[in-house]
1. Could you please let me know if residue 311 is in contact (Cβ under 8 Å) with a residue 24 or more places away in the chain and within 23 Å of residue 171 (Cα to Cα)?
2. Only one of these is among the acidic types (Asp, Glu), more than 24 Å from residue 19 (Cα to Cα), modelled with pLDDT of 95 or more and not in a loop (DSSP other than H, G, I, E, B): 193, 175, 120, 197. Name it.
3. With 164, 123, 139, 131 as the choices, which residue is in contact with a helix residue (DSSP H, G or I) (Cβ under 9 Å, 6 or more places away or on another chain) and of a type in the set (A, V, I, L, M, F, W, C)?
4. Could you grab me the full set of residues in the range 247-261 that are in contact (Cβ under 8 Å) with a residue 40 or more places away in the chain and surrounded by fewer than 22 Cβ atoms within 10 Å (Cβ to Cβ)?
5. Give the residues of the range 30-73 that are at negative phi and without any contact (Cβ under 8 Å) to a residue 12 or more places away in the chain, sorted by residue number.
6. Would you point out which residue out of 298, 237 is more than 30 Å from residue 98 (Cβ to Cβ), without any contact (Cβ under 8 Å) to a residue 60 or more places away in the chain and in contact with a Ser or Thr (Cβ under 7 Å, 6 or more places away or on another chain)?
7. Please note which strands (runs of 3 or more DSSP E) are completely contained in the range 209-314 and include at least 3 residues that are over 23 Å from residue 126 (Cα atoms), at pLDDT below 95 and acidic (Asp, Glu).
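The values are calculated or read from the model by the stated rules, or taken from the named source; none is laboratory data. Note that the coordinates shown come from a computational prediction; the quantities given were computed from them, not determined experimentally. Backbone-built Cβ (ideal geometry, glycine too); neighbour counts: all protein chains shown.
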Amino acid sequence: MSDIKIYTVDEPYLKIDCGLGEGPFWEEATNTLRFVDVIKQKLHAIDLNKGPESHKVLADLDISIGVTADIEGDDDHIFFGGKHGYGILSRSTGKYKYIRKYWSEKEVADGKEKLFRGNDGAVDARGRFFVGTMNDPLVKSPEPEGTLFRLDPDLTLHRVLEDVHIPNGMSWSNDNKTMYYTDSPTKNVFAFDYDIDTGSFSNKRVFYRVEEGEHGVPDGHAQDTEGYLWIAIHGAGKVLRVSPQGKKVAEIRLPTRCPTCPEFAGEDLYITSAAEEMPDQFPESTKLHGSLFKVHVGVRGAPSYRFKYNGEKP
């Protein structure tokens, strides 16, 4: 442990009672951080130039959203992976519309739309938007029944991975030859060979594993410019920095057990969190659960990419 750098965070950057804070995204041009509350169905935003007091609810929704993406050439709207499919949301009004549903008409008739929701996702360097679906815990306890989807710029929808349990953390190596993807209950962050020209992947293998006996499961992650992953360990109150070789080299310790996803803004890492699932057993974790945390880590995040969309707006 002596060669592992330790960061300790005692207080939140923004004390906010998210049910399930997720999907942090840094808008570099405006230095704004946005994130979602999946359970309370809100889209939050903070002007990082002004600090926590600038926090506002960008959209109060009637659906859950798990992940958002900027749109190439459009600063007025945000693309998202939501409860029933991919959609687009107006920054100014908060109104949204679905653009591409996950499920076929037959699957909807069979009840699949109700049983699932979108969770985490990411956009690759060619502007394709990947979103993973999972059983909606409000309807059914999650089982490995979800699907990882890929939406291409021409709005063609592809089912690229089946038998997904709880899809999380997704990114690509700086050379775009490796795709990282987490299925949380397996305790594994997986790596695949990635073909940037086609958006296909193969050769699944374990990149990093939370070993049996260790607390928590891997949740969302962010990648830095050196190719290291910063992985939230939900249930353990940690974010780990893991080398491209799969070795843990740093650890951020948080005052709640339930971090969900980190995101870079410059050389700072912002970390969303969720409500403590076992408050009677872990009362200390409840004091700052659902908050947004910040830690200076001295390295910048890898580039993020915009979804390429030129279609109808709400």
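1. On the way: in contact (Cβ under 8 Å) with a residue 24 or more places away in the chain: yes; within 23 Å of residue 171 (Cα to Cα): no.
So residue 311 fails the test.
2. Of the residues listed, the single one that is among the acidic types (Asp, Glu), more than 24 Å from residue 19 (Cα to Cα), modelled with pLDDT of 95 or more and not in a loop (DSSP other than H, G, I, E, B) is 193.
3. Matching residue, one of 164, 123, 139, 131: 139.
4. Result: 248, 249, 250, 251, 253, 255.
5. Residues satisfying the conditions are 50, 53, 54.
6. Exactly one residue qualifies, and that residue is 237.
7. Qualifying strands (runs of 3 or more DSSP E): none found.
Here's the yes/no breakdown for (1) among the hydroxyl-bearing types (Ser, Thr, Tyr); (2) within 23 Å of residue 287 (Cα to Cα); (3) within 18 Å of the chain's Cα centre (by Cα):
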| position | (1), (2), (3) |
| --- | --- |
| 22 | no, yes, yes |
| 25 | no, no, yes |
| 29 | no, no, no |
| 36 | no, yes, yes |
| 42 | no, yes, yes |
| 54 | yes, yes, no |
| 57 | no, yes, no |
| 60 | no, no, no |
| 90 | yes, no, no |
